[in-house]
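Undergrad: Sharing a structure with you now.
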Amino acid sequence: MEEGPSSNPAGLAESAFRFLRELGFEVTRSTDGRRESLVQFEADGVRVSIVVESFAVTVSVGRVRADGKMTENYGLPLLVADACPEQESRLRAAEQPTAERLRTAAELLELAGADVLVGDFSRGHRLKRLRAERTRCANKEEWGTSTGETPRFDERPDLAVLFADAANDGIREARSYQAFWDWDYTLAEVADHLSVSESDVQAMLDRWEGL
């Protein structure tokens, strides 16, 4: 049913995600702002954050330390893509009222996030790999490079040219990432150019992806 103009987005979110209370979660924050509303549930070092905007609902699940710092955090689209990719189309449903979007998100979280909701983040490495792959593909599609930079070359450059501006470790990692993912250089070729081992190059690629 379409919610009325006086509906409270934070209240709608709390209602839609009430299954979390059955898992021992408590609401630790619930605010309605002019542009967005935020609700957070927490239990045993796990935090679920729900952000409600005019045309979007964003849900994430993270591991929280005792000092409040988030050590891992995964969005609902990533959890769904990993656990039940056949359900991804439900996340893209357009022109749904807020209450319906929240109910859909809650159902998908219960389906795709059962493990992380009870503190089992053992698939975290796989989720990070999947997130890196999706980011890389999105960057290529939107910007033309795996790193999201404006393309610098129209054709495959020599490694010496590609790395010419690598004045620090950060740029060198970016150029290694581009060499491997954008220009199809092998780990061995990049390692030989940089006078390092292949495992060193792989470590640079992993650091760039936050692994």
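Computed from the coordinates by the stated procedures, all read-outs in this text should not be read as laboratory data. This one's a predicted model, so the numbers in the text were calculated from it and none came from an experiment. Glycine gets a Cβ as well: all are built from the backbone with ideal geometry, and neighbour counts include every protein chain shown.
Undergrad: Any idea what the dipole of the chain comes to, in debye rounded to 20, about its Cα centre with Lys/Arg Cβ at +1 and Asp/Glu Cβ at -1?
TA: 540
Undergrad: For helix 198-208, what angle does its Cα long axis make with the longest principal axis of the chain, in degrees from 0 to 90 and rounded to 10?
TA: The angle comes out at about 40 degrees.
Undergrad: Is the C-alpha gyration tensor of the stretch 156-201 telling us rounded, prolate or oblate? Criteria: a/c under 1.5 is rounded; beyond that, a/b larger than b/c is prolate, otherwise oblate.
TA: Note, shape of the stretch 156-201 comes out rounded.
Undergrad: Also, quick follow-up: Taking 0.36 nm per residue of separation and subtracting the Cα-Cα distance, what length does fully extending Arg90 through Glu133 add?
TA: Gain on extension, Arg90 to Glu133, equals 13.4 nm.
Undergrad: Determine by what factor the alpha-carbon radius of gyration of the chain differs from 2.2 N^0.38 Å, reporting the quotient.
TA: Numbers: Rg = 21.1 Å, N = 211, 2.2 N^0.38 = 16.8 Å.
Rg over 2.2 N^0.38 Å, computed on Cα atoms: 1.25.
Undergrad: Calculate, in whole percent, how much of the Cα-Cα pair population of the stretch 126-208 lies beyond 15 Å. Please report the intermediate quantities before stating the final value.
TA: Details: 1890 of 3403 pairs.
For the stretch 126-208, the fraction of Cα-Cα distances above 15 Å is 56 percent.
Undergrad: Convert 4 °C to kelvin, take the viscosity as 1.567 mPa s, use the Kirkwood radius over C-alpha pairs of the stretch 9-122 as Rh, and evaluate the Stokes-Einstein diffusion coefficient in µm²/s, rounded to a whole number.
TA: 92
Undergrad: About its Cα centre, what dipole magnitude does the stretch 9-122 give when the only charges are +1 on Lys and Arg Cβ and -1 on Asp and Glu Cβ, stated in debye to the nearest 20?
TA: Roughly 340 debye for the stretch 9-122.
Undergrad: Counting only helical runs of four or more DSSP H residues, what would the 222 nm mean residue ellipticity of the chain come to if each run contributes -39,500 (n - 2.57) and the total is spread over all its residues?
TA: Dividing the helical sum by the residues of the chain leaves -13000 deg cm²/dmol.
Undergrad: In addition: Using Cα atoms only, what is the angle between the long axis of helix 124-143 and the major principal axis of the chain, expressed in degrees (0 to 90) to the nearest 10?
TA: 70
Undergrad: Now a separate question. Can you give me the angle between helix 169-181 and the longest principal axis of the chain, using Cα atoms only, in degrees from 0 to 90, rounded to the nearest 10?
TA: Helix 169-181 sits roughly 90 degrees off the main axis of the chain.
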